[in-house]
Each structure stands twice: as C-alpha cells, then as structure tokens.
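Visitor: Please read through the structure below; I'll follow up with questions.
Laboratory data are not the source of any read-out in this text; all were calculated from the coordinates shown. Bear in mind the structure is a predicted one, so any value in this text is a computation, not a measurement. Quick reminder, even Gly has a Cβ in these numbers, built from the backbone with ideal geometry, and neighbours come from all protein chains shown.
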Amino acid sequence: MIDPKLLRSDPAGVAANLARRGFSFDADAFSKLDAERKALQVEVEALRKQRNDSAKQIGQAKARGEDPAPLLAAVQNLGDSLDTASQRLDSAQAELSALVEGMPNLLYDDVPDGPDESANVEIRRNGEPATFAFEPRDHVEIGEALRGIDFEAAAGISGSRFSVLRGGVARLQRALIQFMLDLHTNEHGYEEVYVPYLVEPHAMHGTGQLPKFAADSFRTDGERELYLIPTAEVPVTNLARGAILDAADLPLKFVAHTPCFRSEAGSYGRDTRGMIRQHQFEKVEMVQLVMPEDSADALESLTGHAETVLKRLELPYRVVTLASGDVGFSAAKTYDLEVWLPGQSAYREISSCSNFTSFQARRMQARFRRRDGEKPELVHTLNGSGLAAGRCLVAVLENFQSADGTVAIPDALRPYLGGQSALKPQSSA
RNA sequence: GGAGAGAUGGCUGAGUGGUCGAAAGCGCUCCCCUGCUAAGGGAGUAUACGUUAAUAGCGUAUCGAGGGUUCGAAUCCCUCUCUCUCCGCCA
C-alpha cells in the first residue's frame, strides 16, 4: 500500500510515477472521493458526539431522579440519521480502500523505463556459456535418460505441469536445497525458518498477492479459506505482521525452503515442456526486514547472496534490472538472475530479488522503534529466491551434461551426495 | 473428536448497562522535599483517524474479532477466533 498521506498531498506525483508502469491513477477522482469521505466522516462524528452527549445527560438525569422522557424524545430520530450517515461513510471508505489497495508500489527513480521485459537492462554477467562438441540436450531428455524425471507418472497423478523425480535426480534436488540453506545460514547470516504452506487470506493480503492476484494461487475448498503459498515470501514476511521490532534487532534475515504452488492461469502454452513452469516447485527464499535507509543497500547484498549460489555451482548467469513495466505489483525495484540453459540456448529467470520498501510493511503493520518513547516506523521488506531449486536442477542437468548422457556433479554439491561425482544414464528396463 | 476455563491499558488485575478510556498495584517519565548503600510527596504515563501550523487543544473510535439489543454496552444476547486444562487419537 502506498502511504495514504502521500496520496493526499501529492496525487499528481504518484500518478506520474505509476504511469511508468503503465498504471493509470486518476488523481482527480481520488481527491474527489477522499474529500467526500472526509465530509462524511465529519458528519458521522458530529452525530456521534450528539448521541454521546445526550446519553450522558440521560444518565445524569436518571441519577438525579428526574424524568428522562423529554431527553429521550429529543434523540428519537438520531439513531436513524446516524445509521444512514455511517452506512454512506462505510461505502465511501470501502471504495477508497479498494482503490488504494489496487495500486502498485511506487518505483525507484533508477528503474529503467520500458513497457515490458524486452526493456529489461542487463547489468552484469558471470561465467561463459559452455560450448558443447555435440548438440546439447534439454533436461527432459537428460532426465529421461537418467530415469530421473517422469512427467507421465506425474500427469497420471495430478495432470499437467507436475513432475515426479526419482533416484539420483531427486537426491540432486535435495542436495541443491541443502547446499543453499547451508550457504545462506553459515555464510550470509540468515536464520533458517520452517513455515506453514497454507496461509489465511490476510497473510496473502499482507504481501500483496490479494486482493488483486487471487487467480494466481490455489485456494482450498474446505470450510476455512486457505491458500497454498505461491512463495515462502508470504509466510516468512508475515512473521513480522503487527510487530513492533527493536531497531537493534534489525536487520532480520530469514531463509526458508518450501514448495511453491502456482495456478499459472493465463500462461497456457508457455513453457509446457519440462519442469520450467510447474504448479508445484521447490524454492529457497531469502527475506530481509530492514530500516528504511538501509533497504537500497540490502537489495544489492541480497542479490549478491543469490548470485553466490550460482557462482559456487559454476553456472553461467546474468543479472538484469526489470523495466518499469515488468516490475511486480508490490516491488519498487527488482533484479532478476537469469541462468544459462544450453537446452534452450537462452538465459532463463532463476531468481527474482526485490525491494518492497514500506509497501508490504504498511499492509501488515510491521514496524520498528528507533528509541524508547519514539513512534514506531514501518520497516522495509525485501526478498529474493536463493534459488528456485527446480530450475536450478534443470540448469545443473543441462550445463553439466556430456555426450554420453552422464551429468557431472558440481564440486560444491558433492559433499551433499556422499562424494558422488556424476549421475549415469540407466538402460531402460 | 469430547469436556471445561479464559481473553480488559507496557505488565498484574478490578469492573453494579449510565460522566469507564476504564479502579488499584507494578513499571516508566517529570517535579518537589530530602540528602546518600535510602525513603517520602505530587503530577503524568495507549493507539489510530479527523480537525489544525502543531507530536497544542477539541472530536470520534478502540476493553480478542464481528454482529445484535438499548437513548446509552467492557458490562446483556448471538457468531467467530485464539489461549489454557483434562480425556481421546495420532506423526
């Protein structure tokens, strides 16, 4: 949520910023609606005062043993007019908050302008895409040869966009996750957390997935309205919901491994082959809660933490700054890490690192206090994948393949696989 | 799954439908007195929103949440949530 005070004081400036996203904010309509709301609020409060005063007088009259009847008569119609006015106030407030909650975060000035991902700006690369003496296969072929990925079995159980992993490949994914968690906790100062995979609507609302993007997530069908988390960002960031933290405790840095569930509505036909775009995938997520003045630097270091994973795994990648039209709803600025996939001869997103400034914190009232007695301020929240384990598995399979179908294990992972140095193809039974 | 108890300000804990935003104690802040391994006295001590130059006043709301009854609800009624205890069942 954008600061309502800023919306009132500089609606034109907000509109100009959001226009860079291609989001149109009607500043005049907002100001008019807000003025209406104010007038109604003043009216309602005046009526309430009248009612409170009368009630008080009635009480006093009764205490003195006087007949309260004339006073009662005087307030007879007050209730009705109060009801009417407060109903109008409620609907004005509902309209206003729907408007404000539907507005994306303000962009940082250094976000490059552009309508979509084609305008994203590459800022650095690491590693060289390997050249193969043969036609590199994609992970689907590699996985089948290893008898390690079974899409047919998954389809039989859950339909399209699911996968079953077996044997060494399943273990390789687990090793990746372990490696990432150990790296972030031991070397980058994150605290590992284990969190619920089903969350209530208010948690989804806090991080910005609701109300606007309900269709992107899976919702349970039972008596309780629960959502399968689309990312660990939701439960982990919500750890600070309603909190008033001590400045001395900041920054808070959490890392969690969770499965992620996405409905992928509207992505029909995209990445239908393989495990690039699934309804369920594993991800290690980093979340930081920091003081406002530190969030810009924190985004750089958080992105660096994600990059370290790729460096240690010897995977070629590049970092891009998302263009204004491609930045997500809640973010003020986002870097994507894109890993090289030989099977596609393309860089593909494997991590997304964002600074949400106070946008999520305001929604979930996550605050901190600089000193005793001072007013609490909103924290800034950030998160980034560190990394998407499913896509990382794809990247390892494709980048470390050899002509005979063997896949070498990156050195960094071998301790997690009992020293194993390669996955060998299996002859089909 | 069954049975019961509870939820009040930073904490503990009162509260009869009527000056209750809420007693008292603790804690904290300031002042006074006093003077030194102290004690005593006094005042103050929630948050949000509106109004405003104002973190001054004033107003409104908030006693787990949401409804209802009433001129008036912390107090009565309904629904829900959470916490605790016991039993059962499990990982």
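Visitor: Grab the other residues whose beta carbon is less than 15 angstrom from that of A:Ala94, score K and R as +1, D and E as -1, and report the net.
Guide: Details: positive: A:Arg37, A:Arg88; negative: A:Asp34, A:Glu36, A:Asp90, A:Glu95, A:Glu101.
Residues near A:Ala94 contribute -3 overall.
Visitor: Please name whichever of A:Gly22, A:Ser97, A:Ala61 sits farthest to the positive end of the charge dipole of the range A:1-139, dipole taken about the Cα centre and charges placed at Cβ: Lys and Arg +1, Asp and Glu -1.
Guide: Final value for the positive-end residue is A:Ala61.
Visitor: Subtracting the Cα-Cα distance from 0.36 nm times the residue separation, let me have the gained length for A:Arg414 to A:Asp297 in nm, one decimal.
Guide: Result for the pair: 38.8 nm of gain on full extension.
Visitor: Could you size up the charge dipole of the range A:337-386 around its Cα centre, putting +1 on the beta carbon of Lys and Arg and -1 on that of Asp and Glu, and report it in debye to the nearest 20? Intermediate results must be reported in sequence, preceding the final value.
Guide: Numbers: 8 positive and 5 negative charges, 71 e Å.
Approximately 340 debye in magnitude.
Visitor: Using only Cα atoms, what Kirkwood radius does chain A have, in angstroms? Walk me through the numbers before you get to the answer.
Guide: Values: mean 1/r = 0.0407 Å⁻¹.
Answer for chain A: a Kirkwood hydrodynamic radius of 24.6 Å.
Visitor: A further question follows. Could you give the length gained by full extension between A:Ala98 and A:Ser267, i.e. 0.36 nm per residue of separation minus their alpha carbon distance, to one decimal place?
Guide: Difference between extended and current length: 58.2 nm.
Visitor: Calculate the dipole size of chain A relative to its Cα centre from +1 charges on Lys and Arg beta carbons and -1 charges on Asp and Glu beta carbons; express the result in debye to the nearest 20. List each step's numbers first, then the result.
Guide: On the way: 47 positive and 61 negative charges, 136 e Å.
Rounded to the nearest 20 debye, it is 660 debye.
Visitor: OK, next. Take each of the peptides A:187-196, A:376-385, average the number of other beta-carbon atoms within 10 Å over its residues, and list them starting from the highest.
Guide: Result, highest mean Cβ count within 10 Å first: A:376-385, A:187-196.
Visitor: To continue, here is another question. When chain A is treated as a GNM, springs tying every alpha-carbon pair under 10 Å, which of A:Pro115, A:Pro68, A:Pro129 comes out with the largest mean-square fluctuation?
Guide: With Cα springs under 10 Å in chain A, the top fluctuation among A:Pro115, A:Pro68, A:Pro129 is at A:Pro68.
Visitor: Next up: Order these by the 10 Å Cβ neighbour count, fewest first: A:Ile58, A:Ile244, A:Ile149, A:Ile157.
Guide: Numbers: A:Ile58 18, A:Ile244 13, A:Ile149 25, A:Ile157 9.
So the residues, fewest neighbours to most, are A:Ile157, A:Ile244, A:Ile58, A:Ile149.
Visitor: Using r as the Cβ-Cβ distance of A:Glu43 and A:Asp10, and R0 as 22 Å, what FRET efficiency do you calculate, to the nearest 0.05?
Guide: For A:Glu43 and A:Asp10, the calculated efficiency is 0.25.
Visitor: How would you rank A:328-334, A:277-283, highest first, on the average number of other Cβ atoms within 10 Å across their residues?
Guide: Ranked from most to least packed, the peptides come out as A:328-334, A:277-283.
Visitor: Sort A:Val320, A:Val339, A:Val234 by Cβ crowding within 10 Å, fewest neighbours at the top. The partial results should precede the final answer.
Guide: Working: A:Val320 20, A:Val339 27, A:Val234 30.
If I rank by nearby Cβ atoms, fewest first, I get A:Val320, A:Val339, A:Val234.
Visitor: Between A:Ala323, A:Ala46, A:Ala346, which gets the highest mean-square fluctuation from a Gaussian network model of chain A, Cα cutoff 10 Å?
Guide: A:Ala46
Visitor: For A:Ser402 and A:Glu200, compute 0.36 nm times the residue count separating them, minus their Cα-Cα distance, and round to one decimal in nm.
Guide: Length gained, A:Ser402 through A:Glu200: 68.1 nm.
Visitor: Let me ask something else about it. Connecting C-alpha atoms closer than 10 Å in a GNM of chain A, tell me which of A:Ala63, A:Ala98, A:Ala306 has the biggest fluctuation.
Guide: A:Ala63
Visitor: Hey, which lysines would be in cross-link range of A:Lys32, C-alpha to C-alpha under 18 Å, not counting anything within fewer than 8 residues on its own chain?
Guide: A:Lys5
Visitor: Kyte-Doolittle cut-off 0.0, length cut-off 27 Å along the helix's own axis using Cα: show which whole DSSP H helices in chain A pass.
Guide: Helices meeting the span and hydropathy rule in chain A are A:167-186.
Visitor: Toward the positive end of the charge dipole of chain A, about the Cα centre and with charges on Cβ (Lys, Arg +1; Asp, Glu -1), which of A:Leu393, A:Leu210, A:Ala119 goes farthest?
Guide: Sorting the options by dipole projection puts first A:Leu210.
Visitor: Please report, in debye to the nearest 20, how large the charge dipole of the range A:104-251 is about its Cα centre when each Lys and Arg carries +1 at its beta carbon and each Asp and Glu carries -1 there.
Guide: My answer is approximately 540 debye.
Visitor: Sorted from largest down, what three extents in whole angstroms do the Cα atoms of the range A:1-125 have along their principal axes?
Guide: Here the spans come out as 86, 25, 20 Å, largest first.
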